[in-house]
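Written out below as structure tokens is the structure these notes cover.
Laboratory data are not the source of any read-out in this text; all were calculated from the coordinates shown. Source: prediction; values computed, not measured. Note: ideal-geometry Cβ built from the backbone for every residue, glycine included; neighbour counts use all protein chains shown.
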Amino acid sequence: MKTKEIADFNMEGKVILITGGTGSFGQKFTEIVLAECNPKAIRVFSRGELLQQQMRQKFSDDNRLRFLIGDVRDRERVYRAMNGVDVVVHAAALKQIPTCEYNPMEAVKTNINGAANVIDAAIDNGVERVLALSTDKAAHPVNLYGATKLAAE
């Protein structure tokens with residue numbers, strides 16, 4: 001998808017799910033979409049209860065923001081979170097190279113299996129559009145993080 005197509009995609013009145021939604025990307029995405037796109041709802045899906053509470057206080061938009069505790073590794077929870085969603089932004093991943101290298105199977109479970117859960121749930125729930133964050137490290141991976149992102153793509 002070209003950048004212009006993303007910019008031209010109308011999110012007004014849409015239900016949006018963002019995995020890893022309490023991360024730096026998710027918070028900025030939420031800020032911009034709430035201010036400029038008038039979505040029906042944004043579901044912030046993440047493992048971080050404290051980060052969700054901080055984000056809830058920061059945005060104070062109980063009418064459009066929904067916070068769901070969950071992990072992309074939990075297939076059933078991903079399916080439940082995606083029910084009725086129009087757009088998914090998949091930003092959840094283990095991103096720190098040393099963490100991935102020291103915990104390789106956890107990186108595989110989150111970055112590869114989690115992405116597969118998101119894709120399967122989106123297809124089965126009839127989601128209109130799925131966007132996934134990538135990294136330049138997936139192009140020619142020299143570490144586990146890059147390899148897991150390449151496999152997920």
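For L131, the residues 5 or more places off, or on other chains, whose built amide H falls under 5 Å of its own are V88, V89, H90.
With 0.36 nm allotted per residue and the present C-alpha distance subtracted, the E12-V142 stretch has 42.8 nm of extension available. Considering only C100, A121, L17, the residue lying farthest towards the positive end of the dipole of segment 10-152 is C100, judged by Cα position with unit charges set on Cβ.
Can you show me the helix-derived [θ] at 222 nm for the chain, built from DSSP H runs with n ≥ 4 at -39,500 (n - 2.57) apiece and divided by the number of residues, rounded to the nearest 500.
-12000 deg cm²/dmol
With neighbours defined as other Cβ atoms within 10 Å of a residue's Cβ, the residues D86, D74, D62 order from fewest to most as D62, D74, D86.
How high is the FRET efficiency from Q57 to Q96, r the C-beta distance, R0 30 Å, rounded to 0.05? Rounded to the nearest 0.05, the efficiency is 0.70. Given R₀ = 22 Å, FRET efficiency for R75-R47 by Cβ-Cβ distance, to 0.05? That gives a FRET efficiency of 0.90. Annotation for S134 and N38: the two label points, set 7 Å from Cα along the Cα-Cβ direction, are 3.3 nm apart.
For segment 44-92, the share of alpha carbon pairs falling in successive 10 Å distance bins from zero is 24, 54, 22 percent. The GluC sites (Glu not before Pro) of segment 1-98 meeting both criteria, a DSSP state outside H, G, I, E and B (loop) and at most 14 other C-beta atoms within 10 angstrom of the site's C-beta, are E12. The ranking of S60, S46, S134 from fewest to most other beta carbons within 10 Å of each one's beta carbon is S60, S134, S46. Taking Cα centre as origin and charging only the Cβ of basic (Lys, Arg, +1) and acidic (Asp, Glu, -1) residues, the dipole magnitude of segment 10-152 rounds to 120 debye. Once the Cα atoms are used to define both axes, helix 114-124 deviates from the longest principal axis of the chain by about 50 degrees.
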